[in-house]
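See below for the structure under consideration.
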Amino acid sequence: MQAVVGGNVRYPNLQGIADRFRSRINDTANNTTGTGTGAGNEAGLIMPNSNPDLLDFLDSAITETYSDLRNVGDPELILDNYILTGIPALAQQDPAVQVALGYQGYFDGFQWHPEWTLPIGVSKMLAMWERVSGGSWDFTPMQPAPFGLPGGLQGVRMGQWEMREGMIWMRGAMQATDLRLRARISYPVPLSPVNLNFSTAYVPLLDSKNAIVSKMLIQYAVRFAPERYQMCIAEEARMMAKLRLEVVRQMQAQENARAAFGEEATADFAIAWGWL
């Protein structure tokens, strides 16, 4: 069987990104011997893997790449079917009580419970479902509340949700609840130099190496080569345009059709608009 060009792992790792960045700034010398070309932790005299500036450039470039792709709806940055089971029921009905799911735990209106948490990479909630705990029933969609949660007595369902203060706020329910989440996520940053293995840490964005490197070059130009700044800006725009175009074309391939004019009226009133 023939080997796959580039290997079987298509996501770029930090080592590959750092090596390409160093090749672009002419910093591939062996930092141990001072001569020849270095590899891995031995590569680079100015920007070796141990340089805090390199980690900062990686952090900035990866975060911005994620942000750019989220804006065009990249499905690779969506977390789906995240299940939380056994969310506690309220002790009593109270219209003044709201519950919250955050990164540090679940707030039942009175105290925090660390057992249930929002995934740390979540940047925006897209949809939520719920069901009564203790069985394998279907999940029921919950409705977003863009203008705030209503103040009323709680029932057997949460019903609605609102994202504010970095948490999901709900009315609470009188029965234990399972939640199902779908959300946009971001890369876990900042990168920590402690026990960070550049070879096994991947960025889960296909063909994103050149785009990330181009963003790192902008940061480098700001610090060390301002005469190259405009060239780096143009290169980054070219690389990111390719990634965005792939996402947009993938989305355009999906069939989307509007309902015929008057169809809703027929369903609601049994009389098409054309008859009025």
Please report the spacing between the Cα centers of region 141-211 and region 28-81 in Å, no decimals. 26 Å
Final fewest-first order of L196, L84 on the 10 Å Cβ neighbour count is L196, L84
Quick one: pull the percentage of alpha-carbon pairs in region 77-185 with a separation above 16 Å. 54 percent
Pairwise label distance in nanometres, S123 with S199, each label 7 Å out on the Cα-Cβ vector: 3.1 nm
By count of other Cβ within 10 Å, fewest leading, how are R180, R244 ordered? R244, R180
Normalised contact order of the chain, rounded percent, pairs of Cα under 8 Å and 6 or more residues apart: 23 percent
Report the residue, chosen from E64, E162, E115, that carries the largest GNM mean-square fluctuation when the chain is represented by alpha-carbon nodes joined by springs under 10 Å. E115
Among V203, V97, V213: highest mean-square fluctuation, GNM of the chain, C-alpha pairs under 10 Å: V97
Going fewest to most other Cβ atoms within 10 Å around each Cβ, S214, S133 line up as S133, S214
Would you mind estimating how fast the chain diffuses translationally, via Stokes-Einstein at 37 °C and 0.692 mPa s with the Kirkwood radius over Cα pairs, in µm²/s? 145 µm²/s
For the residue pair D56 and Y229, what label-to-label distance in nm results when each label sits 7 Å from Cα along the Cα-to-beta-carbon direction? 1.6 nm
Within the set G148, G135, G172, GNM on the chain using Cα springs under 10 Å gives the largest fluctuation to G135
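Read the figures in this text as sums done on the coordinates, not as results from a lab. Predicted model, so just to flag it, every value in this text is computed and none were measured. A quick note on method: Cβ atoms are made from the backbone with ideal geometry, for glycine too, and the neighbour counts reach across all protein chains shown.
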